Amino acid sequence: MPPRLPDAAKRLARDDPSLLVLVLQSRNIRNTGAKTIADALRKNSTLLKLDLSNNHIADIGAQAIADALR
């Protein structure tokens with residue numbers, strides 16, 4: 001079963017060393033969800049790949065994620 005966004009964000013924020021790849025494609029994620037992911041990414045140092053393809057993330061959500069990765 002694919003992870004739900006709240007569960008995935010919590011795991012990201014915990015900086016779980018076993019979480020290297022996170023696939024959240026086609027999960028109907030929008031800007032609010034992207035901002036949740038961005039907040040969690042700021043606390044994560046182990047994730048190597050994040051797949052958010054086929055969601056509904058607009059420029060503002062994508063910018064939040066990009067800012068978190070800087």
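The values are calculated or read from the model by the stated rules, or taken from the named source; none is laboratory data. Worth saying up front: this structure is predicted, and the values here are computed from it rather than measured. Methodologically, a virtual Cβ is constructed for each residue, glycine included, from the backbone with ideal geometry; neighbour enumeration extends over all protein chains shown. Only protein heavy atoms, including side chains, enter the accessible area calculation; ligands, DNA and RNA are left aside. Shrake-Rupley method; radii C 1.70, N 1.55, O 1.52, S 1.80 Å.
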Straight-line reach check, Lys43, cutoff 12 Å on alpha carbons, 8 or more apart in-chain or any other chain, hits among aspartates and glutamates -> Asp15, Asp16
Calculate, for the chain, the solvent-accessible area per residue in square angstrom, rolling a 1.4 angstrom probe over the heavy atoms of the protein chains.
65
Counting alpha carbon pairs within less than 8 Å and at least 6 residues apart, what relative contact order, in whole percent, applies to the chain?
39
Cleavage-rule hits, trypsin sites (Lys or Arg not before Pro), region 1-51, DSSP coil, Cβ neighbours within 10 Å at most 15:
Arg4, Arg14, Arg30, Arg42, Lys43
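For the chain, which whole percent of the accessible surface, found with a 1.4 angstrom probe, sits on carbon and sulfur atoms?
That fraction is 52 percent.
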Within the set Ala13, Ala34, Ala58, GNM on the chain using Cα springs under 10 Å gives the largest fluctuation to Ala58
At a Förster radius of 25 Å, what calculated FRET efficiency corresponds to the Cβ-Cβ distance of Arg30 and Arg70, to the nearest 0.05?
0.65
